[in-house]
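Input: a single structure, listed below in C-alpha cells.
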Amino acid sequence: MCWPSGRPSQGAELQASYAEQFTREYGCTEAEWLGWLPAALGEGEVQRAGRQLAQRWADQPEAGLRLEWAVLPPRVIGLAVLPRLQVGFSFTGLDGAQRFRYMRRFDLYMMRGGG
C-alpha cells in the first residue's frame, strides 16, 4: 500500500507466508484478546481449556490450529504502560496456502488502529 504521495506506507502489508508453528506478541490484555478471538477464529469447532485453544473444521477433520497464550509483564515506555500477550500458533494438516488464507483473515480481525 502507498500513501497518496506514492511512498510505501510502513507496516501496511501482511506477512507473505506462515510457518506451521510460530509465536507472536500482541499489545493487549487477555480479556481484550478473548473478546476479539471468536470473530477472528471464524467457523469451526473450538475447544478451550485455560490458556489453550484448539480449532478443527468439519470439511477438513485432519486439519487444526492450536493456540497457547501467556500474559507477559507490561512494556513500560516512559509513562506509558502497554499490556503484552505472547501467543503461540501451531497448525496441523494445512499447507502453506491454506495457512496464509486463514492467517490473513485472523490478522485482519486482530488489527487495531494506531498512529
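Computed from the coordinates by the stated procedures, all read-outs in this text should not be read as laboratory data. These numbers come from a predicted model, not from an experiment. Positions of Cβ are backbone-derived with ideal geometry, glycine not excepted, and every protein chain shown enters the neighbour counts.
Observations on the model:
- Sum of side-chain charges, residue 27 neighbourhood, beta-carbon under 9 Å (Lys, Arg +1; Asp, Glu -1): +2
- Net charge contributed by nearby residues that have their C-beta within less than 14 Å of residue 86 (K/R +1, D/E -1): +1
- Per-pair calculated FRET efficiency, R0 = 41 Å: residue 98 and residue 77 via Cβ, rounded to 0.05: 0.65
- Listed residues 21, 82, 97: farthest to the positive end of the dipole of the chain (Cβ charges): 82
- The magnitude of the dipole of the stretch 21-110, with charges of +1 and -1 set on the Cβ of Lys/Arg and Asp/Glu and taken from the Cα centre, is near 220 debye.
- For the pair residue 23 and residue 105, a Förster radius of 25 Å applied to the C-beta separation gives a FRET efficiency near 0.80, rounded to the nearest 0.05.
- Karplus-derived HN-Hα couplings along the stretch 59-74 (A = 6.51, B = -1.76, C = 1.60, θ = phi - 60°), whole Hz, x at Gly and Pro: 7, 9, x, 7, 9, x, 9, 10, 10, 9, 9, 9, 7, 9, x, x
- The stretch 71-115: Cα Rg divided by the 2.2 N^0.38 Å rule of thumb: 1.60
- For residue 59 and residue 84, the difference between the fully extended length at 0.36 nm per residue and the C-alpha to C-alpha distance is 5.6 nm.
- Eigenvalues of the alpha-carbon gyration tensor of the stretch 21-110, scaled by 5 and square-rooted, set the equivalent ellipsoid semi-axes at 26, 13, 11 angstrom, largest first.
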